[in-house]
Amino acid sequence: MTRGADIWLPPRGTVICPATAIEPEETRGFVLSDPHSANQLDLIIWHTPGGFRGFVNKCPHLGLPLETFPDRFLNALGDALICSAHGALFDATGRCLAGPCKGDALIPLELALHARQGARASTGQNALADKDIVLIGRLAHS
Ligand code: FES
């Protein structure tokens, strides 16, 4: 199975969305497009208790996107990503815990939080209010 060597990545630091656009313990899907070609990156962001996690939205089983319904990537317990095609479950590192691709993994993406241009520093509950989630690049599996 391909490990995604052919995936296209936008430039480092590309803004994906405001950090407040994804509620804690929720997921959202995004498609980033290259304005100069037909290249696209379909990705998932999961707002875990440990921070934002990003993955290429491509199941290692058959290469399909995980979701049937927009932004719905979590299992019923909300503790794993689930592929709607054949039920593979993935933890917050992207490892497949169960299903037809057990032991394989989603391609993890490195994300960062950057202060929005011109925003003043915020703290506490609003620590995410003036920040954007940006894509840094692809992460190696640990
Ligand atoms: S395509 Fe994801 S489990 Fe089969």
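Since every read-out is calculated from the coordinates, none of them should be taken as a lab result. Everything numeric in this text was worked out from a predicted model, so none of it was measured. Virtual Cβ from ideal backbone geometry, glycine too; neighbours counted across all protein chains shown.
The table that follows gives values for the structure above.
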item: Exposure proxy order (Cβ contacts within 10 Å, fewest to most) of 102, 58; result: 102, 58
item: Simple label model, 7 Å out from Cα along Cβ direction - residue 21 to residue 92, nm; result: 2.2 nm
item: Charge sum, other residues only, whose C-beta stays under 12 Å from residue 82's C-beta, Lys/Arg counted +1 and Asp/Glu -1; result: -2
item: Contour minus Cα-Cα distance for residue 140 and residue 72 (0.36 nm per residue); result: 22.0 nm
item: Mean separation of Cα contacts under 8 Å (6+ apart) over length of the chain, as relative contact order %; result: 24 percent
item: Hz values of 3J(HN,Hα) by residue in segment 43-56 - Karplus curve (6.51, -1.76, 1.60), Gly and Pro given as x; result: 9, 10, 10, 10, 8, 8, x, x, x, 7, 10, x, 9, 5
item: Evaluated over the chain, the Cα radius of gyration and Dmax, each in Å; result: 15.1, 47
item: Cα gyration tensor category, rounded, prolate or oblate, for segment 55-110 with a/c compared to 1.5; result: rounded
item: FRET efficiency, residue 79 to residue 37 (Cβ-Cβ, R0 41 Å, nearest 0.05); result: 0.65
item: Cβ-derived FRET efficiency at R0 25 Å, residue 62 paired with residue 113, nearest 0.05; result: 0.15
item: Net charge contributed by nearby residues that have their C-beta within less than 15 Å of residue 67 (K/R +1, D/E -1); result: 0
